[in-house]
Amino acid sequence: MDSEEKYLDIRNKLNNLEEVKASDDFVNKLHYKIVEIESEKRHEHEKRFDEGRGGFLRNLFSNIQYPWLIPAAGFTILIFFIFYITYLNKDASEKNQQILSTQKRDSNEQTITLQPPQSSVSEKKTDNTIEPQETLTGKNKSINKENKDIAGDLKDQKTPKPQELQDRKSITHNKEESKSISEENYKTPPSVTNETDKDDNVKQNLAMKKAEPEEKNNSGILSPRLNNKPDTSVDTERLMQNKMTENNFQSKKLLERLDKIDDKSLQILRDKISAN
Amino acid sequence: MPGNSKLDQNYQKLTDEELIFKFQKDDVTAFNEIVNRYKDRIVNFLFRYTGSREDSEDLAQDAFINLYKSKHLYREIGKFSTWFYTIAINLANTYVRKKKKLRTFSINNVGEDHDSDYELTADTMAPDEIVNASNENFYIQKAINSLNQKFKEVIILRDIQELDYEEIAKITGLPLGTVKSRINRGRECLKEILSQIYKPKEN
């Protein structure tokens, strides 16, 4: 016998039970509960959002997946920044050095043309011996004090002792031979001086150096000129020559600059300058 | 929940599964249609299960709220009714367990085996019970309430809700054979209880 048929009586009784229906306000109550749940949800969401509102950095980095990247990124940025600054400074310093070198070059050109070329040790020695009697000013005083010592030493070397005098006489013959060599040495290198100045300077130096060995060679003792003040006439001549060379140099430089600016338009000006 | 009648008619033609899929896409009208379809069935089931009208309505509302909250959990593996009855039956079981904990035990009950097939209530009747005492349905409900929980759920689902064995097996999570045997055994117990508490008057 099937179980369904066996319990047919009880099945019918259960099946015929009065069906209980939901109350009329069931749906309203349900909706009221749902609205409450929704409002709670919204409230919780707002609360979380408010809690999430931190500082500027917290808001900025809170959504990042890997927060350990922040210091790493910051460090790399810092390194790049430092590298960038140093690189810029390197360029700037190189430029500055270039400018300085060009300026120095210009100034050297000027000084080389203005200064008479240094001849030899003997001339330096003579200059040192002259100084104690000269009137000195400012910074030169300290330099001259040092030179005094050197001059003293030189004097000791130059003032001949009786034994040394005989030896020096024999040396004088050799000095006459070396005169010609020293004259060659006085010549300044062609790259440094201008062509026009070169001849003047060489002539000047030769004139000076010719006079010096004569003074030395006469007695083997330093000449009275070296021990006393130099002749003022010679100095004035030298200054005049220097001024002339300076003027020539400046005019030449001006002409060069004019060439660079505009050849055609400044041709008239050049002519005028040359005429003057 | 006033709605457009034409729209409601369109939703009435849809199956339960189509409605829940619409509701998963935040279509509240679909949810309202589901509520209209299942509110009486669920309230009836829960009333038979709990024996309390108020509690059954509260539990039914909780079931619908659970459905509202966890709509995304439904997958098209089984029928929507099966899934929804599972929600309802879980809520009912939780309710019964809580009620059992709150129930005070008499001295006579101490040491008794609580795993019996049925448990008859006291002879004293509540006032409303006295009014309905002449009604057979009252006694049948009383017999159902006396049944053990494991028989009660399958008897209600099969003989009152008229679900098939497979569906009951899915809802309860039991094997089909277990469901069938439990149903037979529950019917047997119910018959026995009824014979004890209700004797129809002879004309």
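The values are calculated or read from the model by the stated rules, or taken from the named source; none is laboratory data. Note that this is a predicted model, so its numbers are computed, not measured. Methodologically, a virtual Cβ is constructed for each residue, glycine included, from the backbone with ideal geometry; neighbour enumeration extends over all protein chains shown.
Summary of computed values
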item: Flag for B:Gln9 being at pLDDT below 90 and either part of a helix (DSSP H, G or I) or within 14 Å of chain A (Cβ to nearest Cβ) (or both); result: yes
item: Checking B:Asp26 against (1) in a helix (DSSP H, G or I); (2) within 14 Å of another protein chain (Cβ to nearest Cβ), the condition it does not meet; result: (1)
item: Of the criteria (1) within 14 Å of another protein chain (Cβ to nearest Cβ); (2) at pLDDT below 90, which one B:Asp40 fails; result: (2)
item: Lone unmet requirement of (1) basic (Lys, Arg); (2) part of a helix (DSSP H, G or I); (3) more than 9 Å from every other protein chain (Cβ to nearest Cβ) for B:Arg75; result: (2)
item: Selection count, the stretch B:141-160, where residues are among the hydroxyl-bearing types (Ser, Thr, Tyr) and either within 14 Å of B:Ser181 (Cα to Cα) or crowded, with 23+ Cβ neighbours inside 10 Å (or both); result: 0
item: Every residue from the stretch B:161-203 that is under 22 Å from B:Glu136 (Cβ atoms), surrounded by fewer than 20 Cβ atoms within 10 Å (Cβ to Cβ) and of a type in the set (Val, Ile, Thr); result: B:Ile197
item: Cross-chain or 6+ apart pairs with Cβ under 7 Å, the stretch B:67-78 first and free of Cβ contacts under 8 Å to residues at least 60 places away in the same chain, then β-branched (Val, Ile, Thr) and surrounded by 10 or more Cβ atoms within 10 Å (Cβ to Cβ); result: B:Leu67/B:Ile87; B:Tyr68/A:Ile34; B:Lys71/B:Ile20; B:Tyr74/B:Ile20
item: A:Glu40 exposed (fewer than 11 other Cβ atoms within 10 Å of the Cβ), within 14 Å of chain B (Cβ to nearest Cβ) and at pLDDT 85 or above; result: yes
item: Inter-residue pairs, beta-carbon under 6 Å, first of a type in the set (Ser, Thr, Tyr) and in the stretch B:135-149, second in a helix (DSSP H, G or I) and surrounded by fewer than 20 Cβ atoms within 10 Å (Cβ to Cβ), 6+ apart; result: B:Tyr139/B:Ile197
item: Residue check for A:Asn12: surrounded by 10 or more Cβ atoms within 10 Å (Cβ to Cβ) and either at pLDDT 85 or above or assigned to a loop (DSSP other than H, G, I, E, B) (or both); result: yes
item: Set A:Ser23, A:Ser3: member being over 17 Å from B:Gln61 (Cβ atoms), within 10 Å of chain B (Cβ to nearest Cβ) and among the small types (Gly, Ala, Ser); result: A:Ser3
item: Checklist (1) within 12 Å of chain A (Cβ to nearest Cβ); (2) buried (at least 21 other Cβ atoms within 10 Å of the Cβ); (3) not hydrophobic (A, V, I, L, M, F, W, C) applied to B:Asp62, failing item; result: (2)
item: Output for the stretch B:36-49, where each listed residue is without any contact (Cβ under 8 Å) to a residue 60 or more places away in the chain and surrounded by 21 or more Cβ atoms within 10 Å (Cβ to Cβ); result: B:Tyr38, B:Lys39, B:Ile42, B:Val43, B:Leu46, B:Phe47
item: Checklist (1) under 30 Å from B:Leu157 (Cβ atoms); (2) at pLDDT below 85 applied to A:Ala22, failing item; result: (2)
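Quick grid of which residues meet (1) modelled with pLDDT under 70; (2) part of a helix (DSSP H, G or I); (3) closer than 24 Å to A:Ser107 by Cα; (4) β-branched (Val, Ile, Thr):
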| site | (1), (2), (3), (4) |
| --- | --- |
| A:Glu212 | yes, yes, no, no |
| A:Glu215 | yes, yes, no, no |
| A:Arg225 | yes, yes, no, no |
| A:Asp235 | no, yes, yes, no |
| A:Asn242 | no, yes, yes, no |
| A:Gln250 | no, yes, yes, no |
| A:Lys253 | no, yes, yes, no |
| A:Arg257 | no, yes, yes, no |
| A:Ile268 | no, yes, no, yes |
